[in-house]
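Peer 1: I have a structure I would like to understand better, so I am pasting it below and will then ask my questions one at a time.
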Amino acid sequence: MSITSTLPRGFRWSAVKAGIKASGKPDVALAVCDAGATAAAMFTGNQVVAAPVTVGRRHLAATGSRVSAVLVNAGNANAATGEPGILACQQSCIAVANEFGCVFDEVIPSSTGIIGVPLPVEKLIAAIPAAKAALGSDKAAAEAFATAIMTTDTKMKVAYETIDLGGKLVNIFGCCKGAGMIGPQLVPHATMLAYIFTDLAACAEHLQSMLATAVEGSFNSISIDGDMSTNDTVLLLASGASAVTAQTPHVPAFEAALQRVCDSLAHAIVDDGEGVTHVVTLEITGTRTDADAKAIARTIANSPLCKTAWSSADPNWGRLLAAAGRAGIAFDPATVTIEIGGLPVFAHGVRSPRFNESDTHEASSAREYTIHIDLGQGQGRSRFITCDLTHEYVSINADYST
């Protein structure tokens, strides 16, 4: 998907080759807001966090969420690298700050790739002048940034919105990477990396609130393999260059646009998952709370038995019911109904009398389809996007470090 909308004002992007990726492809991405941007961020909920996450948190706290530049490297996660990893982050941020005349705390580092291998920071620092020289504010520059952050991704993932707020246009551009090690539970304080840029003007607290809401229904509602990365990051930067502020009349429209961008990027991650042949949307309804519905959805989404059945379009509804039953949420199977691709398979404690195995197999053979489970207990609901588990996924990840 290429960029066709107007990009947010106030930002420049670039990408260069530093020799960190074994493939020799571009592996350093740089985004700059010359006038400084207000930031909101959410990072992995993993107890084991990569050095750039630790440093990024510190920098946002030190500057009151002001960001001048984002430096991303692919091919090395800089995770489980101890104090040398922290030092590498600091050195690279200082190098960027020296190029742009900002304080080093205003630079946010990100990394993605293999865990436990020391980051060749000398290669990263050596590439910064070239990245500065390549900066641009056009489509080619933004797409270069979006491409350089990829690892096992097979395609660039971008989303954009332009909305009219009181007669003035506000733009949003988002890009992300992620195809494996995707089971995010992002918290305020992949590997999935997502960067969202807007020219709206907003304070950090309001921006953080809007991002948290958008993330909950998007990046926190997807899973490829259920493995939470040490590096997961969603960063939202607002340049304020549109001269439109996040005031009450404008907030709902902007929030809706931000949600659409996040939803689009989250879906793109699952659709490009390693070895994926089926994208499955789980619609869980009728629970006592939304949290209950999400717990059931996540358990089903990460069940190896369910995921392998989806890979061959096997309409094994028993696996769905069993996974729901071990999610830790109390319910009565006698009130449950299940549909696969709109076709009834289970109703009120037994196989549905309308279950047709052949038709359901055909519905499950589609690239994308929905499984709807209603618990019959309340108004809680969750929409969760997941995928199948195939031989190709195993092949990709069995040899990842060798």
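The values are calculated or read from the model by the stated rules, or taken from the named source; none is laboratory data. Keep in mind the model is a prediction, meaning the values are calculated, not measured. Using ideal geometry, Cβ is built from the backbone for each residue, glycine included, and neighbour counts are taken over all protein chains shown.
Peer 1: Checking W317 against (1) farther than 23 Å from N46 by Cα; (2) surrounded by fewer than 19 Cβ atoms within 10 Å (Cβ to Cβ), which test does it fail?
Peer 2: Here W317 clears every test but (2).
Peer 1: Just a yes or no: is a residue in segment 245-267 in the same structural domain as T38 (by TED's automatic domain parsing), touching a Leu at 6+ places or on another chain (Cβ under 7 Å) and at pLDDT 95 or above?
Peer 2: Kept after step one, since they are in the same structural domain as T38 (by TED's automatic domain parsing), are these residues of segment 245-267: 245-267.
Okay, now just the ones that are also touching a Leu at 6+ places or on another chain (Cβ under 7 Å), so 246, 250, 253-254.
Subsequent filtering for residues that are at pLDDT 95 or above retains 253-254.
The answer is yes, given that some residue of segment 245-267 is in the same structural domain as T38 (by TED's automatic domain parsing), touching a Leu at 6+ places or on another chain (Cβ under 7 Å) and at pLDDT 95 or above.
Peer 1: Here's a follow-up. For segment 9-24, state whether one or more residues are under 23 Å from V261 (Cα atoms) and more than 22 Å from the chain's Cα centre (by Cα).
Peer 2: Of the residues in segment 9-24, the ones under 23 Å from V261 (Cα atoms) are 9-15.
So of that shortlist, the ones also more than 22 Å from the chain's Cα centre (by Cα) come out as 9-10.
There is at least one residue in segment 9-24 that is under 23 Å from V261 (Cα atoms) and more than 22 Å from the chain's Cα centre (by Cα).
Peer 1: Scan segment 69-89 and tell me whether some residue there is farther than 16 Å from P118 by Cβ, in a loop (DSSP other than H, G, I, E, B) and of a type outside the set (A, V, I, L, M, F, W, C).
Peer 2: No - not one qualifying residue is present in segment 69-89.
Peer 1: When both residues are 6+ apart or on different chains and their Cβ atoms are under 6 Å apart, which pairs have a first residue that lies in segment 383-396 and is under 12 Å from A266 (Cα atoms), and a second that is of a type in the set (G, A, S)?
Peer 2: Close Cβ pairs satisfying both conditions: F384/S221; F384/A297; F384/A301; T386/S223; T386/A301.
Peer 1: Which residue out of V55, V49 is farther than 20 Å from H206 by Cβ, of a type outside the set (S, T, N, Q), crowded, with 19+ Cβ neighbours inside 10 Å and under 18 Å from the mean Cα position of the chain (by Cα)? So that I can check it myself, show each step before the final result.
Peer 2: On the way: V55 fails: under 18 Å from the mean Cα position of the chain (by Cα).
From the options V55, V49, the qualifying one is V49.
Peer 1: Something else: Given the criteria among the aliphatic types (A, V, I, L, M), within 30 Å of D227 (Cα to Cα), out of contact with any Cys (no Cβ under 9 Å at 6 or more places or on another chain) and buried (at least 21 other Cβ atoms within 10 Å of the Cβ), does L265 qualify? Lay out the reasoning, then the answer.
Peer 2: Values: among the aliphatic types (A, V, I, L, M): yes; within 30 Å of D227 (Cα to Cα): yes; out of contact with any Cys (no Cβ under 9 Å at 6 or more places or on another chain): no; buried (at least 21 other Cβ atoms within 10 Å of the Cβ): yes.
Taking the combined requirement at face value, the residue does not satisfy it.
Peer 1: Run V345 past the list (1) of a type in the set (A, V, I, L, M, F, W, C); (2) modelled with pLDDT of 95 or more; (3) out of contact with any Asp or Glu (no Cβ under 7 Å at 6 or more places or on another chain) and report the number of the one that doesn't hold.
Peer 2: (3)
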